[in-house]
Structures are given as C-alpha cells and as structure tokens.
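Trainee: Below is one structure. I have some questions about it.
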Amino acid sequence: MSIPSYTCGPQDKPLLAMTIGEAFDQTVARFPDREALVAREQDIRMTWSELGVLVNKSARALLALNIKPGDRVGIWSPNCVQWLVTQFATAKVGAILVNINPAYRTTELEYALKQSGCAWLISASSFKSSNYHAMISDLLPELAPATPGQLESPRLPKLQGIISLSDKPALGMMSWQSVLSGAHVISDEALAEVSRTLQFDDAINIQYTSGTTGFPKGATLSHYNILNNGYMVGESLGLTEHDRMVIPVPLYHCFGMVMGNLGALTHGSTIIYPGAAFDPVVTLQTVAEEKATVLYGVPTMFIAMLDSEELPNLDLSSLRTGIMAGSICPIEVMKRVMSDMHMEEVQIAYGMTETSPVSTQTAANDSIEHRTTSVGRTQPNLESKIVNDEGRIVPRGQIGELCTRGYSVMLGYWNNPEATKDAIDSARWMHTGDLATMDDDGYVKIVGRNKDMIIRGGENIYPREIEEFLYTHECVADVQVVGIPCEKFGEEIVAWVQLHPGDSISIDDLKEYCKGKIAHFKVPRFIKFVDEFPMTISGKVQKFKMRDISVEEFCPPTA
C-alpha cells in the first residue's frame, strides 16, 4: 500500500502563547546589555535595554495620537531603525501594521491605504527613484493646508495623518521626532494597561501579496502567526543571544520582519541592517566587519554576492548559518554558498505570506543532498499534504498541489471573504498553488507553480527541472524558464539566461549542451541572454512579465 503525501511536523516545541509586545519585554529583561540592533547606514547601535526605551516611547507616542487597538497604521519605507521600532511599537498598542511595498506608486499606495482603512501612514521622504512626499501630496491635495493629524480626504476618508521620517516633512505632515515628543502625555502604566488588553490571536499585521493578476490581497496575520513562525525558524537555525544576524532583505516582506526581526527577537540575537536596500558588496562588508554568524537572502542576492569581486578579499569565516528563500533556490548556488561563504549550516525555507511565511525548512544536520534538492520537511506544529485536482492526497513521489495547515495559516484576507474562501478550505488547509512532491522521508520538493507548468505537445514540463539542468553549465549564473503560446505544440519553452561576469556562450552552444542530457522536448526553443530579470523589490522573479516580453519578442503576429 502506498504511503500518502502527508506529514505532521514535530510537536515537542511548545508554541509561544503571548503577544509580540510580551515577547519583546521578556527579551529586554533577559538581555538588557547585549547588542540588539546595528543599522550601519544610519550609524546607530542599541542594546536591548536602549531599544526597549525607544520602543516604549514610540508606543506611548502612538497612544498620544489616539491610535487604538485594531486601528491600521501603514509604513512606507525601506529598511531602517524606525521600521523596526514601528513594528514593535504598533504591536505593543495593538495597532495593525500595514506593510506598504517601497516600490509602490500612487495608485498602488491609494489602494492599500483605502482597502486596509489606514488611520495613519508613516513614510520615508524618498527611496531610490521614488519621491514619497511628492506622491503623497499628489494623492492628497488636502494635506498641505490641513492641520497635521486632522486630514480630511474624500479619497481616503479614514486616513487622519502622515508621519514623515524626514527631518523636513512636507506641508501637512508630522515629523517622526515631533510625534515622539508627544509621548510624555501617556504614562508607562497607561501603555501597560492597553497592552494587557491584547490577545495573541488578535490581528497585528497586513501584508499585501504581489499577485500576477488583479488587485493585491491583504494577508492578515496575528501575533500568534508571526511570532511563532519567527521563533520556529530561529529554533531550526539554532539561534542564541550570541548570534549576529545580517538582514539585507526588505522588512516590508515576511522574510525581513518575521524570519529576521522576530526570529532574532525570540532568541535575543543581534539584528544588523547593512543599508536601506540590498547591495552585494555592502552586505559582504557588513558580514565581515560585524563578525556576523547568520545571513539571510533570496537566491538572486546570493548569486550577486558570489559574483562580487570583493568576495575573495573578505573574511567571512564567522558565518555559520542563514536562510536562502523567497524563490526556488538553484542547487549549484546553494553548494557555492556552503563552500565559498562558509555557511555550512545554511538552510532552505519555503512558504508564503499567507502562512507567516515558513511551512517547510531543511535542518542543519540534513545531508547536502537534502539541503540542495528539497525545501525540507514540515515545520514543528504544522501539517503538510499534497493533493490532486480533486483535492485527494496523492501517494509519495507523485506531483500535486502543496497545502499547509496549522498555527501559521493567516486569519484571512483583509475585508475579502471570497478570496479567503478560495485560498483556505473548510478544514483550514491553505492551498499554496505550488506543485510539489514528497518523498518517503517527508522531504518536499517544489517543481513549479500550477500556472507556470508548460504543456508542449501533450508533455507536462516543469520549468524547475530545466532551470536546474542549465545551472550546471559553468557559464550560467542564473536562469528562468517560461512557456509561450505555439500553434503547433501548444507551448514553446523560453529560457532567460544570466551569465557570470566575463563569461560568454552562444545560443547554439547552450542548446548543444542540452542535447543528449535532457529530453528533446525540454530543450528550450528560444534562449534570451539578459543582465537581470524583472522582479519585485523582495527579489521574487516576475515570470508573468517575462512571459509577456517573450511573447512580444518570439511570437510573430498572426495575419
């Protein structure tokens, strides 16, 4: 009798039955004099005790603005100290933090603020090519003449005010410092009284998923969801108060704010931000100079660091572990991270925003094969299953849709019951939309997205398989495979290929490399050499954009 593709993670690690604010206070009390935060670009260092003082002051300042539990507070900013402080301060007062993608433009910003019903927005002045102050002023012409904190906007009727992180806020905005100066009107006891009313199952965070079609959906997460997920990820990594974690991934995403900030918080580890945005050289220098033991990143970040000319000149021997996640991790890249960056215990984590995010994870004592060919096994206190189109569990080794259930599954999509019902079934299984297999030992392999599967001449082709093969060519740094329409075969395969700096190879030579090594119908019909891929700010490749570009370039218009 075949074994079903179902596993339940270990139950020996109790979940944390507390709010984020309670966990924060415990860590401050345990490690008051240990370094909590290093923000290199801002030249700021804080102990847990010093961070505790600032977070409590910020929480009292929010209460002084009459922000109540359940109110939504947006943050639109790249990585910085204020982002972290806002995350913990809103948790202490029970306000729901709404993460705004730093790459958003006016239309997307308006949608997120309106859909979530934000009462306040905390915003940087600018980031890269985005002038946040200008976009906010365009969106809210009523802001400039309004008394700060008393905004009345027909387009965003629930929005009361804008808090700028700049020392020179635009007209109608309040500055971060001026808001903090109002904290004195709220006592520590008044803050503690509010915190005591909070429950760990309360919603505390809304993150908008970057869907490929339609408007983004706001995944609503509780204290219990994200605090425990950060804790369990850290447990797998073996984090302690002696670890120093470099976080170059965006904080607006679960990778940064949950696996990073909350993973470090629950273990007393030091949080280190190299800069406002990812830079491979700056990140490597930060690791070396701060003697970091943990490094996070998506595959594209690790590829950039591995290809950096600075890599051989820097001492990274302090590194012990880290997480590579956010998208499918190339096997060859994983092997180089372990050898060239001294991350012998690096782990793969898999998940999605809707599951807080991690559902499966490899372990430090897993074999190299398991750590380079799978996304690990089901996390503690969670369940995984793989199902067919009818929702029935498939046998081990058979491809189906991966589903997850347990403490990490979101409360639902904010004010969107229909989308919630489509994603979470009546038994509280979250349907990921990812195609996967599970082996006899419970290790899960992701073979692609339902929508990414290519059907060519009746053959089901999973892009991941072709990508992994092309990675084995010494000139290939990164590769992404998509399908485009074809009248004869239904679909054709397009491979977007990024070469290592200084390397070159022809399209014909790369196709020749495939022949005899993979089935003929898997050899890409088209190959496109690129310097970069279209991707989100969090480092996720946008295959739908690649598909559109490929159709325009390779599909001749019909007469």
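Trainee: Please return the ranges of helices (runs of 4 or more DSSP H) entirely within segment 70-161 where 3 or more residues are open to solvent by 10 Å² or more (accessible area, probe 1.4 Å), farther than 26 Å from Q26 by Cβ and without any contact (Cβ under 8 Å) to a residue 60 or more places away in the chain.
Mentor: Details: elements: 81-93, 106-116, 132-139.
Those helices (runs of 4 or more DSSP H) span 106-116, 132-139.
Trainee: Check segment 179-197 and report whether any residue there is under 19 Å from R105 (Cα atoms) and either in contact (Cβ under 8 Å) with a residue 24 or more places away in the chain or basic (K, R) (or both). Before the answer, list the steps.
Mentor: The first filter runs over segment 179-197 and keeps only residues under 19 Å from R105 (Cα atoms), leaving none.
Within segment 179-197, not a single residue is under 19 Å from R105 (Cα atoms) and either in contact (Cβ under 8 Å) with a residue 24 or more places away in the chain or basic (K, R) (or both).
Trainee: Just wondering, is there one or more residues in segment 370-377 that are open to solvent by 30 Å² or more (accessible area, probe 1.4 Å), farther than 26 Å from T286 by Cα and of a type in the set (V, I, T)?
Mentor: First, the residues of segment 370-377 that are open to solvent by 30 Å² or more (accessible area, probe 1.4 Å): 370, 373, 377.
Okay, now just the ones that are also farther than 26 Å from T286 by Cα, so 370, 373, 377.
Then drop every residue that is not of a type in the set (V, I, T), which leaves 373.
Checking segment 370-377: at least one residue is open to solvent by 30 Å² or more (accessible area, probe 1.4 Å), farther than 26 Å from T286 by Cα and of a type in the set (V, I, T).
Trainee: Quick one: how many residues across segment 288-300 are assigned to a loop (DSSP other than H, G, I, E, B) and either open to solvent by 30 Å² or more (accessible area, probe 1.4 Å) or in contact with a Leu (Cβ under 7 Å, 6 or more places away or on another chain) (or both)?
Mentor: Just the residues of segment 288-300 that are assigned to a loop (DSSP other than H, G, I, E, B), to begin with: 290-293, 298.
Pick out the ones that are also either open to solvent by 30 Å² or more (accessible area, probe 1.4 Å) or in contact with a Leu (Cβ under 7 Å, 6 or more places away or on another chain) (or both) and you get 291-293.
Total satisfying the criteria: 3.
Trainee: Related question: Of everything in segment 446-467 that's open to solvent by less than 20 Å² (accessible area, probe 1.4 Å) and not in a strand (DSSP E or B), which residue is modelled with the lowest pLDDT?
Mentor: Residues of segment 446-467 open to solvent by less than 20 Å² (accessible area, probe 1.4 Å): 446, 448, 454, 461, 463, 466-467.
Keeping just the survivors that are not in a strand (DSSP E or B) gives 463, 466-467.
Details: P463: 86, I466: 89, E467: 89.
The qualifying residue modelled with the lowest pLDDT is P463.
Trainee: Here's a follow-up. Looking at segment 356-369 only, could you name the residues that are among the polar types (S, T, N, Q) and either open to solvent by less than 40 Å² (accessible area, probe 1.4 Å) or in contact (Cβ under 8 Å) with a residue 12 or more places away in the chain (or both)? Talk me through it step by step, then tell me what you get.
Mentor: Going through segment 356-369, the residues among the polar types (S, T, N, Q) turn out to be 356, 359-362, 365, 367.
S356, S359, T360, Q361, T362, listed by residue number.
Trainee: Every residue in segment 259-287 that is over 19 Å from the mean Cα position of the chain (by Cα) and either within 22 Å of P102 (Cβ to Cβ) or surrounded by fewer than 18 Cβ atoms within 10 Å (Cβ to Cβ) (or both), please.
Mentor: Filtering segment 259-287 for residues over 19 Å from the mean Cα position of the chain (by Cα) gives 267-270, 281-282, 284-287.
Once the filter is applied, which keeps residues that are over 19 Å from the mean Cα position of the chain (by Cα) and either within 22 Å of P102 (Cβ to Cβ) or surrounded by fewer than 18 Cβ atoms within 10 Å (Cβ to Cβ) (or both), segment 259-287 yields V281, V282, Q285, T286.
Trainee: Restricting attention to segment 7-39, which residues are touching an Asp or Glu at 6+ places or on another chain (Cβ under 8 Å) and surrounded by 15 or more Cβ atoms within 10 Å (Cβ to Cβ)? Quick ask: steps written out before the conclusion?
Mentor: Quick first cut of segment 7-39, residues touching an Asp or Glu at 6+ places or on another chain (Cβ under 8 Å) only: 7-9, 13, 19, 30-31, 34, 36, 38.
Selection gives T7, C8, G9, K13, T19, F31, R34, A36, V38.
Trainee: Spot the failing condition for I484; the list is (1) more than 21 Å from T372 (Cβ to Cβ); (2) in contact (Cβ under 8 Å) with a residue 40 or more places away in the chain; (3) of a type outside the set (D, E); (4) surrounded by fewer than 18 Cβ atoms within 10 Å (Cβ to Cβ), and only one is missed.
Mentor: Of everything listed in (1) more than 21 Å from T372 (Cβ to Cβ); (2) in contact (Cβ under 8 Å) with a residue 40 or more places away in the chain; (3) of a type outside the set (D, E); (4) surrounded by fewer than 18 Cβ atoms within 10 Å (Cβ to Cβ), I484 misses just condition (4).
Trainee: Looking at L411, L470 in this structure, which one is among the aliphatic types (A, V, I, L, M) and open to solvent by less than 20 Å² (accessible area, probe 1.4 Å)? Working first, answer last.
Mentor: Values: L411 fails: open to solvent by less than 20 Å² (accessible area, probe 1.4 Å).
Step by step, each of L411, L470 is checked, and only L470 is among the aliphatic types (A, V, I, L, M) and open to solvent by less than 20 Å² (accessible area, probe 1.4 Å).
Trainee: Can you tell which of E390, E383 is out of contact with any helix residue (DSSP H, G or I) (no Cβ under 8 Å at 6 or more places or on another chain), under 19 Å from G351 (Cα atoms) and open to solvent by 10 Å² or more (accessible area, probe 1.4 Å)?
Mentor: Details: E390 fails: under 19 Å from G351 (Cα atoms).
Exactly one of E390, E383 is out of contact with any helix residue (DSSP H, G or I) (no Cβ under 8 Å at 6 or more places or on another chain), under 19 Å from G351 (Cα atoms) and open to solvent by 10 Å² or more (accessible area, probe 1.4 Å), namely E383.
The values are calculated or read from the model by the stated rules, or taken from the named source; none is laboratory data. Just so we're clear, the structure is a prediction, and the values are computed from it rather than from any experiment. Positions of Cβ are backbone-derived with ideal geometry, glycine not excepted, and every protein chain shown enters the neighbour counts. Keep in mind that these areas ignore ligands, DNA and RNA; they rest on the heavy atoms of the full protein, side chains included. Shrake-Rupley method; radii C 1.70, N 1.55, O 1.52, S 1.80 Å.
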